[in-house]
Amino acid sequence: MSLITDKQVVLDLHAADRTAATRALAETLVAEGRVTDLEGFLDDVRKREEQMATGLPGGIAIPHCRSAHVTEPSLVFGRSREGIDWGSEDGPATLVFLIAAPEGGGEDHLKILAMLARKLMRAEFKESLRNAATPAEVVQIVRSEVEQ
């Protein structure tokens, strides 16, 4: 099964803070049957964020965790016009990727994280995500660039 589907894309993410944004993105995973316990999963993400904020330079955030509440490796994409403070020194995140990996899933989420981080260094990749008009377009971009 694919890491990301159309239903795991939120093109108009409105959230007051990273907690609300993470909840909105995680709810898509619950709806898709990829997360079995929303509150338990959010607690795992929060614990990971407490270790180190996952905001990156350039308006990007990649919250991620391994969790017993995740049924399969998954990726959710959210785009925020206003930006959300994710702890990056250069300002709020407008592109947010939530990576969810099963607790016993080995290093899968680290491979996804590494591939995504490499692609996000390319301006054209970020720009294509900022300009995507539909969830299907985002899925196609992510699948072609990250799921290789």
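Output the qualifying pairs, or none if there are none: Cβ atoms under 6 angstrom, residues six or more apart or on different chains, first residue in region 131-148 and over 11 Å from residue 79 (Cα atoms), second residue among the β-branched types (Val, Ile, Thr) and not in a helix (DSSP H, G or I).
Note: pairs meeting the criteria are 139/4; 142/4.
Only one residue in 84, 99 is crowded, with 16+ Cβ neighbours inside 10 Å, under 14 Å from the mean Cα position of the chain (by Cα) and free of Cβ contacts under 8 Å to residues at least 60 places away in the same chain. Which one?
Of the residues listed, the single one that is crowded, with 16+ Cβ neighbours inside 10 Å, under 14 Å from the mean Cα position of the chain (by Cα) and free of Cβ contacts under 8 Å to residues at least 60 places away in the same chain is 99.
Return the residue satisfying two criteria in turn: it lies in region 119-147 and is among the hydroxyl-bearing types (Ser, Thr, Tyr) and in a helix (DSSP H, G or I), and of such residues it is most open to solvent (accessible area, probe 1.4 Å).
144
Given 101, 26, 53, which one is modelled with pLDDT of 95 or more and over 21 Å from residue 144 (Cβ atoms)?
Just a single option satisfies the conditions, and that option is 26.
In region 102-118, how many are open to solvent by 10 Å² or more (accessible area, probe 1.4 Å), in contact with a helix residue (DSSP H, G or I) (Cβ under 9 Å, 6 or more places away or on another chain) and under 21 Å from residue 41 (Cβ atoms)?
Qualifying residue count, region 102-118: 2.
Counting only residues that are in a strand (DSSP E or B), more than 13 Å from the chain's Cα centre (by Cα) and surrounded by 16 or more Cβ atoms within 10 Å (Cβ to Cβ), how many does region 67-81 have? Steps first, please.
Here is the first cut: in region 67-81, the ones in a strand (DSSP E or B) are 67, 70, 74-81.
Among the residues that remain, those that are also more than 13 Å from the chain's Cα centre (by Cα) are: 67, 70, 81.
Cutting the leftovers down to surrounded by 16 or more Cβ atoms within 10 Å (Cβ to Cβ) gives us 67, 70.
Selection size over region 67-81: 2.
Can you tell me which residues in region 1-53 are touching a Ser or Thr at 6+ places or on another chain (Cβ under 8 Å), surrounded by 14 or more Cβ atoms within 10 Å (Cβ to Cβ) and assigned to a loop (DSSP other than H, G, I, E, B)?
3, 4, 11, 13, 15, 32, 34, 36, 53 - these are the residues of region 1-53 that are touching a Ser or Thr at 6+ places or on another chain (Cβ under 8 Å), surrounded by 14 or more Cβ atoms within 10 Å (Cβ to Cβ) and assigned to a loop (DSSP other than H, G, I, E, B).
Of the residues that sit in region 87-96 and are in a loop (DSSP other than H, G, I, E, B) and either at negative phi or β-branched (Val, Ile, Thr) (or both), which one is most open to solvent (accessible area, probe 1.4 Å)?
89
Please go through (1) free of Cβ contacts under 8 Å to residues at least 60 places away in the same chain; (2) in contact with a strand residue (DSSP E or B) (Cβ under 7 Å, 6 or more places away or on another chain) for residue 19 and return the number of the only condition it doesn't satisfy.
If we test residue 19 against (1) free of Cβ contacts under 8 Å to residues at least 60 places away in the same chain; (2) in contact with a strand residue (DSSP E or B) (Cβ under 7 Å, 6 or more places away or on another chain), just (2) comes out false.
The values are calculated or read from the model by the stated rules, or taken from the named source; none is laboratory data. In this text, all values refer to a predicted model and were calculated from it rather than measured experimentally. Cβ: placed from backbone, ideal geometry, glycine included. Neighbour counts: every protein chain shown. These area figures cover heavy atoms from the full protein model, side chains too; ligands, DNA and RNA do not enter into them. Shrake-Rupley method; radii C 1.70, N 1.55, O 1.52, S 1.80 Å.
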